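Here's the structure we're looking at; comments come further down.
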Amino acid sequence: MSMTDQLSQEIAALEAAARDTDACYEFIDDLAYPPGVQMAVNFTADFDAMLLRRLLKEPPMQLSQGEFGGRVGIWRLIELFNSHDITATVFTPGRICELYPKAVAAATANGHEVADHMWEHQVPKDRQLEADHLARSTKALTETAGKRPVGTRSWHSQDLLLAEGYIYNSHGTAHHHPYYRHDGNGENCLLNIPFHYAIDDAMFFSFAWLASENAAQRVTEPGRVMDMWWDAFLQQYRQGGYLNICLHPFVSGRAMRIEALDKLISRMKTLPGVWFPSCEEMARHCLEYHPPRAGEGGK
Ligand SMILES: [Zn+2]
């Protein structure tokens, strides 16, 4: 085979792969909100405490940063959201129910949504074990929060999530708006509520994040990050768009960041028509007014 033929074959294979992936997505181009709403902002808190840090085998000093999230940070975030009448979504691993049950219960008691974030912040490769982890996490969250979770932020298989009654995942970054993902033939269709690392506190503030070297440390001035997020908010506000702000209690629960977030939220509230729903409310809105067109639709 000539070089040109080989190249043509490789390009054809790449194009076919792109078509297959594209066939799994269904975007909501005409996203519309309830009357009077210009834009929705989801505040989400990934309440990992030290679980991810433990998986990464981080040393005790760094593990204790995670503990701060469970002891102090989560409570400060709940207080902040309450003070602004914001319904937030707390994504948390099932095992956090063993470590910080009072904080998980307080989130629902204060009207916030508690959603799944995997049993112990990982999805096993073995399918049976994966199903077991998902069932365990769902059971623990149901018992501790007093309500069965309907959302997840995880790598779990969509068919397993649907079988457990989940209505959305908040994990992908393929679009600014919520969108659907299915098997390519419309089956196992699940709504994805997107977030992005550029609107994730850990990327800017988390010292020693993901076992990074000293040269890669991130301790950015809170005001600078809030200005960046304000710009993202404003750009989406003009378009009637959407923003998902991803916070971690061990990161944003620190005093100066709570203060900066308080100012950012107050600034957002100066504009009319900003809606702060939970991810569940956002998901139910999309499912009702923008249901999937492919297959049997979100079965
Ligand atoms: Zn996490």
Restricting to the stretch 109-122, name every residue that is of a type in the set (A, V, I, L, M, F, W, C) and either in contact (Cβ under 8 Å) with a residue 40 or more places away in the chain or within 12 Å of the ligand (Cβ to nearest atom) (or both).
Ala115, Met118
Are there any pairs, at least 6 apart or on different chains, whose C-beta atoms fall under 9 Å, with the first in the stretch 1-30 and surrounded by 10 or more Cβ atoms within 10 Å (Cβ to Cβ) and the second assigned to a helix (DSSP H, G or I), and if so, which?
Ile28/Cys286
Subset of the stretch 31-54, residues buried (at least 24 other Cβ atoms within 10 Å of the Cβ) and either modelled with pLDDT of 95 or more or of a type in the set (Phe, Trp, Tyr) (or both), comes to Ala40, Asn42, Phe43, Thr44, Ala45, Asp46, Phe47
I want to confirm something. Restricting to the stretch 55-72 and keeping residues that are within 12 Å of the ligand (Cβ to nearest atom) and part of a helix (DSSP H, G or I), which single residue is surrounded by the fewest Cβ atoms within 10 Å (Cβ to Cβ)?
Leu55
Just checking, does the stretch 138-150 include any residue being touching a residue at least 40 places away in the same chain (Cβ under 8 Å) and assigned to a loop (DSSP other than H, G, I, E, B)?
yes
Can you go through Glu130, Glu98 and tell me which one is charged (D, E, K, R) and either within 16 Å of the ligand (Cβ to nearest atom) or surrounded by 15 or more Cβ atoms within 10 Å (Cβ to Cβ) (or both)?
Glu130
Being surrounded by fewer than 23 Cβ atoms within 10 Å (Cβ to Cβ), among the β-branched types (Val, Ile, Thr) and within 19 Å of the chain's Cα centre (by Cα) is the filter here, so list the residues in the stretch 143-176 that pass it.
Val150, Ile167, Thr173
Neighbours by Cβ (under 6 Å, 6+ apart or cross-chain): first from the stretch 77-99, touching a residue at least 24 places away in the same chain (Cβ under 8 Å); second away from the ligand (no atom under 16 Å from the Cβ) and of a type in the set (Ser, Thr, Tyr):
Thr87/Ser278; Thr89/Ser278; Cys97/Thr144
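Mind telling me which of the residues Ala215, Ala260 ends up being part of a helix (DSSP H, G or I) and at pLDDT below 95? If you could, list the steps in order and put the result at the bottom.
On the way: Ala260 fails: at pLDDT below 95.
The conditions single out Ala215.
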Just give me the residues in the stretch 120-137 being outside any loop (DSSP other than H, G, I, E, B), of a type outside the set (S, T, N, Q) and in contact with a Ser or Thr (Cβ under 9 Å, 6 or more places away or on another chain), in sequence order.
Arg127, Glu130, Ala131, Leu134
Consider the stretch 37-54. How many of its residues are within 12 Å of the ligand (Cβ to nearest atom) and among the polar types (S, T, N, Q)?
1
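The values are calculated or read from the model by the stated rules, or taken from the named source; none is laboratory data. All figures in this text were calculated on a predicted structure; none of them were measured in a lab. Every residue, glycine as well, gets a Cβ built from its backbone with ideal geometry; the counts of neighbours run over all protein chains shown.
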